[in-house]
Each structure stands twice: as C-alpha cells, then as structure tokens.
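Okay, so here's the structure we're looking at.
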Amino acid sequence: MSLYSIKNSIKYLRVTCVLVMGLLTLYGLLITTQIGRDFEADWWVRDVEVYKDYRADTIDRPKILVAAGSNALFGIDSAILESRLGYPVANISTHAALDVSYLFRKVIKHMRQGDIVVLPLHADFYGETQISDWFANNMLAWGHESYLADLSVFSFIRFLVAVPKTMIAERLYKAGPHRVLLPPERIIYRVNQMAATNNSGWKGKYSYESLNRYGEFRIDFGPMDKLLSDYQEGLVYIDPDMVVSQRFLSYYRELEELARQRQVTIIFTWPVSIRNHLYNLSEMKGQRLAMNFRNKLLEHGIEIHCNPALFQMQVLLFVDTRYHTQTTGANIRTVNLADCIQALLTSDEQAEVDFSTAIERVRKQTHELLRTDQNWSKPKLR
C-alpha cells in the first residue's frame, strides 16, 4: 500500500469517527430532552419509593432490609418480621421490572453495618441480560434523580444505547411538558398522617396513598377475575432453561463485596407462588424444577434459603397477579420467612425444612386463619 493510500485511509477513518460520534451525540441529546417529560409511565413507583427511602433512612440501628419486586411490596408484613425477629424493618420493594442495577444500587444506598438484607427475588431476575423497555421508559420518566444522575459516563452511554429507538421516536411525537413531581415532604407527611389517624390501607389504586406506615400494600379481597383466568391456564414461575447471567453476577459481586466490608448478612430466598398445575411443589415435578433452579445458583456460590413450599399458597390468597398476596397470604408468608431467618441466624439445623413439612405447615396455617379470623383478614371474593 502506498503512502498516499495510507493517508487517505486514515483521513477516511477520522471522518467516519467524527460522523459516528456526531450521530451518537445527537442521539444522546434527543434522549436527554425526553428525561422527565410527562408521558405514560408508572409514576406511582417513584412516589412509593420516596416514602420507602425515608423509612429506611430514619432507622438508626441494625435493621432488616427487604428488597425485591412487588411480591414483597404486597407479600411482606414488616410488623410481623419486627415482632418475631426483634429488628426494625425497611421494606424497599416496589416493582419487579426494576433492573438489577437499580435494585442493588438501592440496597447499597440503604444497607448499614450489622444489617440483614433479605432478597426474595423472582426467578427471571437472575437471568437478566439487558435493561427492559419498561425500565428504560420509567427511568426517562421519573428516574433521573434515583438512577440516571448517579451513572458514570460509560454506564450512561450503555443506557442510551439500550433505549429502544422506536421509543425515542414515539416520545418526540407524544411527550408533553416536563412533569412536576410531588415534593417528597408532601408524600411523607401524607403517609404518616394516614397512619396516625388509622386511615392507612388500600385506596383502590397503586399509589403512595395506599401505603401503610411500613410502606406496604395490604388488600383484603381476592382473587380478581383476570388472575383466576390466568390460574386456569397455568402460571409459570421458573424457566427450566434459564441461565444465571454474567450481568446479574457482576452487580451481585459488587453488592457482596460491600456487604462483606460493612458486615452485612445477605439472605436470598424465594418469592411467593400460587400452587397450580404448571408449578405445584406438592408434586415431584415441581420440586425438581425448584431444586434444579437452586442448584444453578449454587454453582455461582449463591445459596437460596428456606423451602419454597413455605411460600406457595392457594389462589384464594392472591389478588390480581401471581405475585400479589392479599393480607392473609402476606401474613402466612411472613411468619414462615421470619421463622426461617431466625433459624438461619442462630445456625439452627432445622432452618431448611423438607417439602412435606413445609406443605403441611402452610395447609394448617391457611385452614386456621380462614377459620378463626382473629387478627387476620379473610379474603373477600368480589
């Protein structure tokens, strides 16, 4: 190759690099103009997180920090955990579609020396390989302060590249003006006010106004027609072909190292599930599916604790989705979780009960609670 050809090649390469950088810069500017705009998103998640962050920040001694999706927003009763384990509880769980990078960032923000972090993650979470469209949409809507602003330049570029191009085009057409978010002090005052006047409880919508003083949703009816229809078709909880992603592991290793430095205990456990013909833990097929999943995590040094049958219940104890328990279901799940955590913390050999013991325990709990209705809430079909 002649010197002239080499010079031309270098010149062409430089021009190409400039064009690519220019296009990337333009694309980035198009996306950043959409941050905070008033378009369709789950804005309630941001408001709920404001109160949860406040509660976690006001606990000044070692605590239990629960972090997951909505299976813990609906299905954990912090009052029971506190009374049984003697630790204050901060349940920062909100939405299952929040990315692993987001959830673990929240955990790191709130975990302090001596804390116990409980992670009842649903199975799909461990296999995440990229951000979802839902996550990208919501971060552009309300996630600037809680996520985007804290990203490094490299991480922000990765986020920009992952945002679906069709989403940006649609935003340019549909997005309204910048949305004015509710002031945190207003949200905190309102939830505390409702708690002080015994007005906490489900207000018929996903909203900070439906939170109790622990930052959790409690619903006394169920199940709804859509869930019953899904139940009849069959509910899938574990993909037998799921592979633990390197992306998940990289974020977890960061969390694990910081937990070690801060002397924090991390406990992975199972989410709630509905016993159905596609996932029935009273049958050998369902048990093998759960244990195979557990073994996949063990290969990476992650142990998932407690028997999953302790958290599998009949559809009567759920509300609108396969992960949302109503009050009685939340109570059963939390009692069993508390007892398992207690056994783990005391190195009790009985911490891991077998399937038959777990199934019988849940059966007796359900029968007793629905029969007596003392300090518990019966499901009301509607």
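Read-outs: derived from the displayed coordinates by stated rules, not from any lab. No experiment lies behind these values; they were computed from the predicted model shown. Positions of Cβ are backbone-derived with ideal geometry, glycine not excepted, and every protein chain shown enters the neighbour counts.
Between Rg and the Kirkwood Rh of region 225-382, both from Cα atoms, what is the Rg to Rh ratio?
Reported Rg/Rh, Kirkwood definition of Rh: 0.99.
Roughly how far apart, in whole Å, are the Cα centres of region 225-297 and region 138-167?
With region 225-297 and region 138-167 each reduced to a Cα centre, they are spaced 27 Å.
Considering amide H positions built from the backbone, and no H for Pro or chain starts, which residues 5 or more places from residue 273, or on another chain, come under 5 Å of its amide H?
312, 313
Mind listing the Cα extents of region 114-162 along all three principal axes, in Å, largest one first?
32, 27, 21
Residue by residue through region 54-70, what is 3J(HN,Hα) from phi via Karplus (6.51 cos²θ - 1.76 cosθ + 1.60, θ = phi - 60°)? Round to whole Hz and write x for glycine and proline.
After applying 6.51 cos²θ - 1.76 cosθ + 1.60, I find 4, 5, 4, 6, 8, 8, 10, 9, x, 9, 9, 10, 9, 9, 5, x, 6 Hz.
Based on Cα coordinates alone, diagonalise the gyration tensor for region 65-118, multiply each eigenvalue by 5, take square roots, and list the semi-axes in whole Å, largest first. Mind showing how you got there, number by number?
Details: eigenvalues 75, 44, 6 Å².
Result for region 65-118: semi-axes of 19, 15, 6 Å.
Taking every pair of distinct Cα atoms and averaging 1/r, then inverting, what Kirkwood hydrodynamic radius in Å comes out for region 105-208?
Hydrodynamic radius (Kirkwood, Cα pairs) of region 105-208 is 17.4 Å.
For the cross-link pairs 106/205; 106/165; 52/296; 165/205; 226/296, which exceed 26 Å when the distance is taken from alpha carbon to alpha carbon? Numbers along the way, then the final one.
Values: 106/205 24 Å; 106/165 28 Å; 52/296 32 Å; 165/205 31 Å; 226/296 32 Å.
In this structure, 106/165; 52/296; 165/205; 226/296 exceed 26 Å between Cα atoms.
Of 80, 123, 178, which is farthest along the charge dipole of region 75-180 in the positive direction, counting Lys and Arg as +1 and Asp and Glu as -1 at C-beta?
Comparing the listed Cα positions along the dipole, 178 ranks first.
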